[in-house]
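See structure below.
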Amino acid sequence: MLIAGNWKMFKGPAETAAFCAAFEAPAGVEAVLCPPYVSLSAAVAAGATVFAQNVHWAADGAYTGEISAPMLQELGVHGAIAGHSERRRYFCETDDTVARRAAAALEAGLRVIACVGELEEERERGETEAVLARQVAVLEPHPALVIAYEPVWAIGTGRTATPELAQEAHAFVKSLLDAPVLYGGSVKPENAAELLAQPDVDGALVGGASLDPDSFAAICLAAAAIRS
Ligand code: PGA
């Protein structure tokens with residue numbers, strides 16, 4: 001099981017080092033930290049498995065504000081998230097840019113967590129499967145590709161998908177693409193066990209609850225207990 005902590009725009013290098021000193025991943029779980037770019041080196045230096053929160057498709061070029069896969073690899077970073085819903089919503093990421101970012105990172109040798117998930121109004125209109133199919137269709141299967149199913153209405157809202165609803169969406173994604181599927185959206189120590197117990201939930205992408213080493217460790221422990 002893979003439990004990834006997406007720190008978003010939280011924790012500079014000093015806080016990252018402090019987190020790593022306080023956090024120990026339990027056996028039987030792969031814990032991944034996704035700090036902001038400026039804190040990647042601090043997490044790598046602490047011996048963590050580290051993914052960036054985004055990655056550009058070109059190796060270099062005139063792309064102000066972007067970071068490439070070879071640059072991440074030079075730092076010792078192991079992978080990258082692509083297509084997080086906050087990137088899609090606030091920074092105009094499209095299925096096409098997400099696909100290009102994911103493909104280039106995989107080609108360069110990074111691992112990738114590609115995020116998919118429907119908006120609340122899309123779920124209400126009965127479009128969840130159509131949205132997931134569209135978002136997954138642009139991704140090529142690859143042994144280092146992991147999908148994160150994150151219903152957008154559950155991210156940072158405290159509203160978690162029910163385990164049954166998560167299972168249904170995960171099974172649908174797996175029917176489209178052969179890849180492990182993480183669940184994301186208000187995963188906390190209190191709800192991790194029942195979500196992770198679903199047969200097609202292969203781990204979690206955790207935002208808010210990954211910022212505290214004790215709560216992130218509790219989620220990792222819940223994962224370790226299920227598949228051991
Ligand atoms: P959350 O974020 O756990 O704070 O809902 C999840 C995510 O955005 O990946």
Amide H proximity to residue 54 below 5 Å, modelled H, separation 5+ or other chain, gives 81
Cα extents of segment 1-80 along the principal axes, largest first, in whole Å, come to 41, 27, 20
Dividing the helical contributions, -39500 (n - 2.57) per DSSP H run of n ≥ 4, by the residues of the chain yields a 222 nm value, nearest 500 deg cm²/dmol, of -12000 deg cm²/dmol
Contour minus Cα-Cα span, residue 159 to residue 225, at 0.36 nm per residue, comes to 21.4 nm
Cross-link reach from residue 188 to lysines, straight Cα distance under 23 Å and at least 8 residues apart if same chain, gives 8, 11
Phi angles of segment 210-226, converted by Karplus (6.51 cos²θ - 1.76 cosθ + 1.60, θ = phi - 60°) into ³J(HN,Hα) in whole Hz with x for Gly and Pro, give 8, 7, 9, x, 6, 6, 5, 5, 5, 5, 4, 5, 4, 5, 4, 5, 6
At R0 = 30 Å the Cβ-Cβ FRET efficiency linking residue 74 and residue 9, nearest 0.05, sits at 0.85
Residues of segment 125-167 with backbone N under 15 Å of the label point set 7 Å from the Cα of residue 197 along Cα→Cβ are 162-167
Share (percent) of C-alpha pair distances in the chain greater than 29 Å works out to 20 percent
Computed over segment 163-213, protein heavy atoms only, probe 1.4 angstrom, the accessible area per residue in square angstrom equals 36 Å²
Gyration tensor (Cα only) of segment 149-189 to equivalent ellipsoid, semi-axes in Å sorted down, yields 19, 9, 8
Rounded to the nearest 10 Å², the 1.4 Å probe accessible area of residue 125 is 150 Å²
Computed for the chain: size of charge dipole around the Cα centre, +1 on C-beta of each Lys and Arg, -1 on C-beta of each Asp and Glu, debye to nearest 20, value 340 debye
Share of accessible surface on carbon and sulfur in the chain, whole %, 1.4 Å probe and ligands ignored, is 56 percent
Over segment 107-147, the quotient of the Cα radius of gyration and 2.2 N^0.38 Å is 1.39
Expected vector for segment 81-94, Karplus 3J(HN,Hα) from phi with 6.51, -1.76, 1.60 and θ = phi - 60°, integer Hz, x for Gly and Pro, equals 7, 9, x, 4, 4, 5, 5, 5, 7, 9, 10, 6, 5, 10
Residue 130 and residue 96 label points (each 7 Å along its Cα→Cβ direction) are spaced in nm at 2.1 nm
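The values are calculated or read from the model by the stated rules, or taken from the named source; none is laboratory data. Worth saying up front: this structure is predicted, and the values here are computed from it rather than measured. Neighbour counts are summed over all protein chains in view; Cβ atoms, including those assigned to glycine, are modelled from backbone coordinates with ideal geometry. Please note that ligands, DNA and RNA were not included when accessible areas were found on the heavy atoms of the full protein model with its side chains. Shrake-Rupley method; radii C 1.70, N 1.55, O 1.52, S 1.80 Å.
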